[in-house]
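I have placed the structure first, in the form of structure tokens, so that the comments after it can refer back to it.
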Amino acid sequence: MKMRGTERNRRIAVTSMTALMAIVAAFTAGGARANARPFAYGYDSGTLPAGQHEFELWTTWRVGRNDVYSRFDHRIEYEAGVTDTLQTALYLNWSKASARDPLTGSLVSETSFGGISNEWKWKLSDPAADPVGFAAYAELTADTDEAEVELKAIVDKRIGGMILAYNATVEPEFEYDAGEIEAENVNVEHNLGLSVQVSPGFSCGVEVFEHSAYTDGKPRFAALFAGPVLHVASGRFWLTATTLIQLPALKPSVSGQRFVLDEHEKVKARILVSLPL
């Protein structure tokens, strides 16, 4: 039953994403915007030009754990170009999760606020004009009882209508306890994306995402995901979507499990939509 349920959820996610992208593609045409994000999880080195602003809406659906589980993560982002190579952004984060209560067997839902984030991205070289593009990225997320610092190195290359991007991320987490700040976990992520422009307003490709977590210097888990990514754009509007499926771990956990289904899910589907100002 679990396998059938997981496969059904996977098919629903892929079918829904494909249908949405087909509808958007049917109503959009024209050239892609230079700063449009070709990947939903990974970043390229592009930044907003000085003085330009936009809103971005993020929605991530996570489904498929050891038991019944479904979660939506939402972000509202206000992004601004400080200079032609430096941009900043502010985020509001919240989520809603539904899971089965192990004591009662009933489905329980909870909505939670995920704090406020501030992002800075500095473009140091261009992926088309230079041998490779490179950008440094830093993001601070603060909530009432915890904080996260995300540090990212972004390397990408554009060749004609193709872009290849790699991100390496280190993200330490901190807790506020009795007036003191204590280190909790350290997350390490690797993102690899390849996108090819099919037409002036449409591109598609693949994303690979790996997440490892460490506590007190000891590895807790390593989860690997891969899936298709689609991007459509018209003028200053763009939409990017991906569905990532968890792959068996290259190395089993201490308990012998090949999938991480306590802190990750079988399927992650994300949509990013720009709202130009």
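For every residue, the table says whether it meets (1) in a strand (DSSP E or B); (2) β-branched (Val, Ile, Thr); (3) more than 15 Å from Leu192 (Cα to Cα); (4) under 20 Å from the mean Cα position of the chain (by Cα).
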site: Phe134; (1), (2), (3), (4): yes, no, no, yes
site: Ala138; (1), (2), (3), (4): yes, no, yes, yes
site: Thr141; (1), (2), (3), (4): yes, yes, yes, yes
site: Thr144; (1), (2), (3), (4): no, yes, yes, no
site: Glu150; (1), (2), (3), (4): yes, no, yes, yes
site: Ile154; (1), (2), (3), (4): yes, yes, no, yes
site: Ala165; (1), (2), (3), (4): yes, no, no, yes
site: Glu175; (1), (2), (3), (4): yes, no, yes, no
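Considered as a group, the residues in the range 31-58 that are in a strand (DSSP E or B) and open to solvent by 50 Å² or more (accessible area, probe 1.4 Å) include one that is farthest from Leu124 (Cα to Cα), and that residue is Leu57. None of Val196, Val260, Val208, Val232 is part of a loop (DSSP other than H, G, I, E, B) and hydrophobic (A, V, I, L, M, F, W, C) except Val260.
If you go through the range 82-97 one residue at a time, do you hit one that is in a loop (DSSP other than H, G, I, E, B) and either closer than 25 Å to Glu263 by Cα or open to solvent by 70 Å² or more (accessible area, probe 1.4 Å) (or both)? Taking every residue of the range 82-97 in turn, at least one turns out to be in a loop (DSSP other than H, G, I, E, B) and either closer than 25 Å to Glu263 by Cα or open to solvent by 70 Å² or more (accessible area, probe 1.4 Å) (or both). Check Leu57 against each of (1) at pLDDT 95 or above; (2) in contact with a Phe, Trp or Tyr (Cβ under 8 Å, 6 or more places away or on another chain) and name the one condition it does not meet. Leu57 satisfies every listed condition except (2).
Could you give every pair whose Cβ atoms fall below 7 Å, whose first residue belongs to the range 99-127 and is over 28 Å from Glu139 (Cβ atoms), and whose second residue is among the charged types (D, E, K, R) and not in a strand (DSSP E or B), counting only separations of at least 6 or pairs across chains? Sorted first by the residue in the range 99-127, then by its partner, the pairs are Arg100/Asp67; Val108/Asp101. It is to be established whether one or more residues within the range 181-190 are among the aliphatic types (A, V, I, L, M) and more than 26 Å from Ile154 (Cα to Cα). Yes; the residues of the range 181-190 include at least one that is among the aliphatic types (A, V, I, L, M) and more than 26 Å from Ile154 (Cα to Cα).
Pairs linking a residue in the range 209-235 that is in contact (Cβ under 8 Å) with a residue 60 or more places away in the chain and farther than 25 Å from Ser274 by Cα to a residue that is of a type outside the set (Phe, Trp, Tyr) and open to solvent by 40 Å² or more (accessible area, probe 1.4 Å), with Cβ atoms under 6 Å and 6 or more positions apart or on different chains, do not occur.
Against the list (1) closer than 17 Å to Gly161 by Cα; (2) surrounded by fewer than 16 Cβ atoms within 10 Å (Cβ to Cβ), the condition Thr240 fails is (2).
Out of the range 153-173, which residues are of a type outside the set (A, V, I, L, M), out of contact with any Leu (no Cβ under 6 Å at 6 or more places or on another chain) and open to solvent by 60 Å² or more (accessible area, probe 1.4 Å)?
Across the range 153-173, the qualifying residues are Arg158, Gly160.
Residue count for the range 48-73, restricted to those that are farther than 27 Å from Gly105 by Cα and under 17 Å from the mean Cα position of the chain (by Cα): 5. Restricting Ile245, Ile271 to those that are touching a Ser or Thr at 6+ places or on another chain (Cβ under 9 Å), open to solvent by 10 Å² or more (accessible area, probe 1.4 Å), among the hydrophobic types (A, V, I, L, M, F, W, C) and within 20 Å of Asp73 (Cβ to Cβ) reduces the list to Ile271.
The values are calculated or read from the model by the stated rules, or taken from the named source; none is laboratory data. Fair warning: this is a prediction, and the values are worked out from it, not measured in the lab. Don't worry about glycine lacking a Cβ; one is built from the backbone with ideal geometry, like all the others, and counts go over all protein chains shown. Note: areas computed on protein heavy atoms with side chains; ligands, DNA, RNA excluded. Shrake-Rupley method; radii C 1.70, N 1.55, O 1.52, S 1.80 Å.
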